[in-house]
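Novice: I am attaching a structure below and will ask some questions about it afterwards.
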Amino acid sequence: MAARMLGIDIGGTGIKGAIVDTDKGILLSDRIKYPTPKNVTPINAINIAMKIVKDLEWEGRPIGLGCPAVVREGVTMSATNIDKSWIGFPVERSFSEIAEADVSLLNDADAAGLAELSFGEVKGVFGVCILITLGTGIGSATFVDGVLVPNTELGMLKMRDGIAEDYATNRVREELDLSWKVWGGYLNDYLKHLEVLFSPNKIIISGGVCKKFVKYEQYLRTKLEVVPAKLLNNAGIIGAAMGMQRRLDKFI
Ligand code: BGC
């Protein structure tokens, strides 16, 4: 029987979830999505995630969750594009109490990276491999010989007058109505910066904008291999589910 697990991905624009086959890395149910309210608090987000649990009739069963924040031992430790009340909030324990089920929490980009490690573009890459998610913020999952170095937060790197998140996110492209050429130029500068600092063997672009890779690929002039995520924007949901599955597998 397929290993079935619910994965939920809390993002800047949407809270998305689906039941995932964690052996194959595919969705087994509809992908449910609710908009993320502005300045979402952890309790708001958990209540919306609970709607997904109910919609998919997953009550009482283990859940994997991804959040747009640094995560240490089930607690979110940063809040760049979300309400400051996330800092120090025990998301894993709170969701687990409300759902009356085991919950495993990962940073959203780390979750997407784990999904690509098992089923996509990170698989089989030795040396340094970096997945970046370009959405409301920039997330990163950094691997060394296929081992995840969690919470790397490479969107925080200094760039021009600010940080990379001020230039290379899909949010900036949409809000400032930037052409693919201008935005692709910013992304190129960011990728060059990653190249100089980390010498990665491969960079994977994840998040909604990875579906439009053909529109900006021509503006990326680094020497690096840069590819869109294979699981497209389902990587976050699939990886969140895999986080819980990995935890269960360890204890069986
Ligand atoms: C957060 C990261 C997150 C990324 C993508 C950033 O603003 O600091 O933790 O992975 O957004 O959601």
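Novice: I'd like to check something: does region 103-116 contain any residue that is of a type outside the set (S, T, N, Q) and away from the ligand (no atom under 16 Å from the Cβ)? Full working, then the answer.
Specialist: Step one: of region 103-116, the residues of a type outside the set (S, T, N, Q) are 103, 105-106, 108-116.
Going one step further and asking which of them are away from the ligand (no atom under 16 Å from the Cβ), we end up with 103.
Within region 103-116, one or more residues are of a type outside the set (S, T, N, Q) and away from the ligand (no atom under 16 Å from the Cβ).
Novice: Oh, and also: Pick from LEU178, LEU148: which is closer than 26 Å to SER78 by Cα, aliphatic (A, V, I, L, M) and free of Cβ contacts under 8 Å to residues at least 40 places away in the same chain? Reasoning before the result, please.
Specialist: Numbers: LEU178 fails: closer than 26 Å to SER78 by Cα.
When all the criteria are applied, what remains is LEU148.
Novice: Those residues that are over 17 Å from THR13 (Cβ atoms) and either of a type in the set (Lys, Arg) or surrounded by fewer than 24 Cβ atoms within 10 Å (Cβ to Cβ) (or both), I need them from region 131-148; list them, please.
Specialist: Of everything in region 131-148, those that are over 17 Å from THR13 (Cβ atoms) and either of a type in the set (Lys, Arg) or surrounded by fewer than 24 Cβ atoms within 10 Å (Cβ to Cβ) (or both) turn out to be THR142, VAL144, ASP145, GLY146, VAL147, LEU148.
Novice: Please state which one of GLY74, GLY88, GLY60 is over 15 Å from ALA240 (Cα atoms) and within 16 Å of the ligand (Cβ to nearest atom). Give the derivation first.
Specialist: Values: GLY74 fails: over 15 Å from ALA240 (Cα atoms); GLY60 fails: within 16 Å of the ligand (Cβ to nearest atom).
Among GLY74, GLY88, GLY60, only GLY88 is over 15 Å from ALA240 (Cα atoms) and within 16 Å of the ligand (Cβ to nearest atom).
Novice: Assigned to a helix (DSSP H, G or I), β-branched (Val, Ile, Thr) and surrounded by fewer than 19 Cβ atoms within 10 Å (Cβ to Cβ) - does that describe any residue in region 53-75?
Specialist: Checking region 53-75: not a single residue is assigned to a helix (DSSP H, G or I), β-branched (Val, Ile, Thr) and surrounded by fewer than 19 Cβ atoms within 10 Å (Cβ to Cβ).
Any read-out appearing in this document is the output of simple, stated calculations on the displayed coordinates, not a laboratory observation. Worth saying up front: this structure is predicted, and the values here are computed from it rather than measured. Note that each Cβ is placed from the backbone with ideal geometry, even for glycine, and that neighbours are counted across all protein chains shown.
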